[in-house]
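Participant: Take this structure, written in structure tokens, and hold onto it; I'll ask about it next.
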Amino acid sequence: MEKRLNLEELQPKAYKAMLGLEAYLHAGDLNKTHINLIKIRASQINGCAYCLDMHTKESLKSGETQQRLFVLSAWKETDLFTEEEKTVLALTEEITLIHQHGVLTDTYKKAVDTFGENYVAQIIMAIIAINGWNRIAISTHLQIN
């Protein structure tokens, strides 16, 4: 892949704002497993090798199992994920693929019933953030180190 522009250098204020959102989310209430599942699943859907490499490594360091990472793209077909995690993954998929059918009412209601509105708001912001990072990495051809 050819080298492309460096957004961090060319648009430092915008890049810093993205980093600020990331820092805000990591200081919030979201548990590490939920954050990692959101980042990895959205990156799988978006085909972002850079983010998949980064976030699977982070997830393994945080104690995630290889088995769960191996089957994450087929999470609906396994009992390896809790109901809470499946709710997070459903919301992640529907927001990442928002153009297909939006966020289904049943998915939204289950998320709010499971976590409450404040936690769901943080989940939504985390999904928005990783989708932004995926688009930055893919459009600028960020390379895996």
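Participant: Looking only at region 73-91, which residues are among the acidic types (Asp, Glu) and under 21 Å from Ile130 (Cα atoms)?
Facilitator: Step one: of region 73-91, the residues among the acidic types (Asp, Glu) are 77, 79, 83-85.
Answer for region 73-91, where residues must be among the acidic types (Asp, Glu) and under 21 Å from Ile130 (Cα atoms): Glu84, Glu85.
Participant: Would you confirm whether or not region 33-51 contains a residue that is part of a helix (DSSP H, G or I), without any contact (Cβ under 8 Å) to a residue 24 or more places away in the chain and within 15 Å of the chain's Cα centre (by Cα)? Before you say what the answer is, go through the steps one by one.
Facilitator: Here is the first cut: in region 33-51, the ones part of a helix (DSSP H, G or I) are 33-46, 49-51.
Checking the rest, the ones that are also without any contact (Cβ under 8 Å) to a residue 24 or more places away in the chain come to none.
Checked region 33-51: no residue is part of a helix (DSSP H, G or I), without any contact (Cβ under 8 Å) to a residue 24 or more places away in the chain and within 15 Å of the chain's Cα centre (by Cα).
Participant: Would you confirm, using the coordinates I've provided, whether Gly132 is out of contact with any strand residue (DSSP E or B) (no Cβ under 6 Å at 6 or more places or on another chain), within 24 Å of Glu22 (Cα to Cα), loosely packed, with under 12 Cβ neighbours inside 10 Å and among the small types (Gly, Ala, Ser)? Steps first, please.
Facilitator: Working: out of contact with any strand residue (DSSP E or B) (no Cβ under 6 Å at 6 or more places or on another chain): yes; within 24 Å of Glu22 (Cα to Cα): yes; loosely packed, with under 12 Cβ neighbours inside 10 Å: no; among the small types (Gly, Ala, Ser): yes.
Considered against the rule, which asks whether it is out of contact with any strand residue (DSSP E or B) (no Cβ under 6 Å at 6 or more places or on another chain), within 24 Å of Glu22 (Cα to Cα), loosely packed, with under 12 Cβ neighbours inside 10 Å and among the small types (Gly, Ala, Ser), Gly132 comes out as no.
Participant: Can you tell me which residue among Glu64, Glu94 is part of a helix (DSSP H, G or I) and either modelled with pLDDT of 95 or more or under 14 Å from Ala129 (Cα atoms) (or both)? Walk me through how you get there before you give the answer.
Facilitator: Details: Glu64 fails: part of a helix (DSSP H, G or I).
Only one candidate passes the filter, namely Glu94.
Participant: Return the only residue of Ala27, Ala74 being surrounded by fewer than 10 Cβ atoms within 10 Å (Cβ to Cβ), more than 12 Å from the chain's Cα centre (by Cα) and under 22 Å from Val103 (Cβ atoms).
Facilitator: It is Ala74.
Participant: Okay, moving on. Of the residues Leu69, Leu97, Leu80, Leu60, which is closer than 23 Å to Ile136 by Cα and either surrounded by 10 or more Cβ atoms within 10 Å (Cβ to Cβ) or in contact (Cβ under 8 Å) with a residue 24 or more places away in the chain (or both)? Quick ask: steps written out before the conclusion?
Facilitator: Values: Leu69 fails: closer than 23 Å to Ile136 by Cα; Leu80 fails: closer than 23 Å to Ile136 by Cα; Leu60 fails: closer than 23 Å to Ile136 by Cα.
Answer to the selection: Leu97.
Participant: Is it true that Leu25 is in contact (Cβ under 8 Å) with a residue 40 or more places away in the chain, in a loop (DSSP other than H, G, I, E, B), aliphatic (A, V, I, L, M) and touching a helix residue (DSSP H, G or I) at 6+ places or on another chain (Cβ under 6 Å)?
Facilitator: On the way: in contact (Cβ under 8 Å) with a residue 40 or more places away in the chain: yes; in a loop (DSSP other than H, G, I, E, B): no; aliphatic (A, V, I, L, M): yes; touching a helix residue (DSSP H, G or I) at 6+ places or on another chain (Cβ under 6 Å): yes.
It is false that Leu25 is in contact (Cβ under 8 Å) with a residue 40 or more places away in the chain, in a loop (DSSP other than H, G, I, E, B), aliphatic (A, V, I, L, M) and touching a helix residue (DSSP H, G or I) at 6+ places or on another chain (Cβ under 6 Å).
The values are calculated or read from the model by the stated rules, or taken from the named source; none is laboratory data. Remember, it's a predicted structure, so these values are computed and weren't measured experimentally. Glycine gets a Cβ as well: all are built from the backbone with ideal geometry, and neighbour counts include every protein chain shown.
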